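> Please find one structure pasted underneath; my questions will follow.
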Amino acid sequence: MTEVRSHSADDFPLPMLRDVKGDHTISVCIPARNEEATIATIVSAIDEHLASNGHELVDEILVIDDRSDDDTAAVARSAGATVVQVADILPTQGPGRGKGNVLWKSVAASTGDLIVWIDADLTSFTPACVTGLVGPMLTDPTVAMVKGYYERPEIGGTGGGRTTELMARPLLATLFPHLTSVRQPLGGEYAARRDILEQVPFSTGYGVETGLLIDIAELVGLERLAQVDLGVRVHRNRPLDELSVQAMEILHVGLRRSDIEWRPEWSHVLLRPDLDPVEALVDERPPLITVAEYRP
């Protein structure tokens, strides 16, 4: 079975990437909701080390603010990012809900032909996250998508990657075994070419990473995917009850993309004893090339 090619972020030093960048433009997009505690560190690191001071690799740092009620937008703007409110992007399409909705809108709002996504709650961010993700695409024009992978240490006795191990890996191994060599299928740090992202739907919830992985592999072939070791990833771990609905959204994405016939009685509402029902976000945004309002 073909495996996704693997690299290390160290394989792509900044001077080399600047030399091979050519006419490519790079947008780093950061979806954010109430992330005032971490967003400035990420934005300022990208700005200082990759976008200014003679290090011009990144052309745009874009924070998509998903209705924060803290100072995320002001903090990000002060650190050097362009901040756009999610409701202001493709307004005729409605504001939408969910992480995948924000990622879909970030493609529409950004200008680069290479798009890098970084989660806003990282406390382990380094500029190598960006250089590692764009490196395979800048050095090999056949690479369409790059997934980051990393070590995820325990924080307060709770390990990261619980949804990956309990839902994503079993789902991929069962229905999409050709993707089992992807080390972090749910990781929020990844990059892709705009002309590829425009052609695929985006699940609106936390199933977005799974859906994009499946759809892009189907669209371009496994040989055009790559993954990069980004070292150690530390971010805010969520409580177990919040992970249940994320797992349900990933399950729905996998079922929708399989040959299993959908049954009308199957629910997208998570029901648990002694807890309120929670609606899983399973709607999908269409490929942007089909949206009249979208102008790349």
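> Need one number: % antiparallel among DSSP beta bridges in the chain, to the nearest 5.
DSSP beta bridges in the chain are roughly 35 percent antiparallel.
> In deg cm²/dmol and to the nearest 500, what is the mean residue ellipticity at 222 nm of the chain if only DSSP H runs of at least 4 residues count, each as -39500 (n - 2.57), divided by the residue total?
On the way: 9 runs with 87 residues, N = 296.
Result for the chain, helices only: -8500 deg cm²/dmol.
> What is the fewest-to-most order of TRP117, TRP262, TRP104 by other Cβ atoms lying within 10 Å of their Cβ?
On the way: TRP117 26, TRP262 10, TRP104 30.
With the sparsest Cβ surroundings first, the list reads TRP262, TRP117, TRP104.
> Something else: Would you work out the charge dipole size for the stretch 5-290 about its Cα centre, treating the Cβ of every Lys and Arg as +1 and the Cβ of every Asp and Glu as -1, and quote it to the nearest 20 debye?
Values: 25 positive and 43 negative charges, 94 e Å.
Roughly 460 debye, rounded to the nearest 20.
> Which of the listed residues, GLN246, GLY100, SER267, is farthest toward the dipole's positive end in the chain, when Lys, Arg count +1 and Asp, Glu count -1 at the beta-carbon?
Of the listed residues, the answer is SER267.
> Could you let me know the centre-to-centre spacing of the stretch 35-84 and the stretch 183-228, using Cα atoms, in angstrom?
24
> Compute the length gained on full extension between GLU151 and GLU261: take 0.36 nm times their separation in residues and subtract their Cα-Cα distance, giving the result in nm to one decimal.
On the way: separation 110, 0.36 × 110 = 39.60 nm, distance 3.68 nm.
Full extension from GLU151 to GLU261 adds 35.9 nm.
> State, to one decimal in nm, how far the label point of GLU242 lies from the label point of ARG272, with both points 7 Å from Cα in the Cβ direction.
1.2
> I want to verify the translational diffusion coefficient of the chain in µm²/s; compute it with Stokes-Einstein, Rh as the Kirkwood radius over Cα pairs, at 4 °C and 1.567 mPa s.
Working: Rh = 19.4 Å.
In µm²/s, the coefficient rounds to 67.
Each value in this text was obtained by applying a stated rule to the coordinates, not by laboratory testing. Please read these numbers as outputs of a predicted model, since none were measured by experiment. Note that each Cβ is placed from the backbone with ideal geometry, even for glycine, and that neighbours are counted across all protein chains shown.
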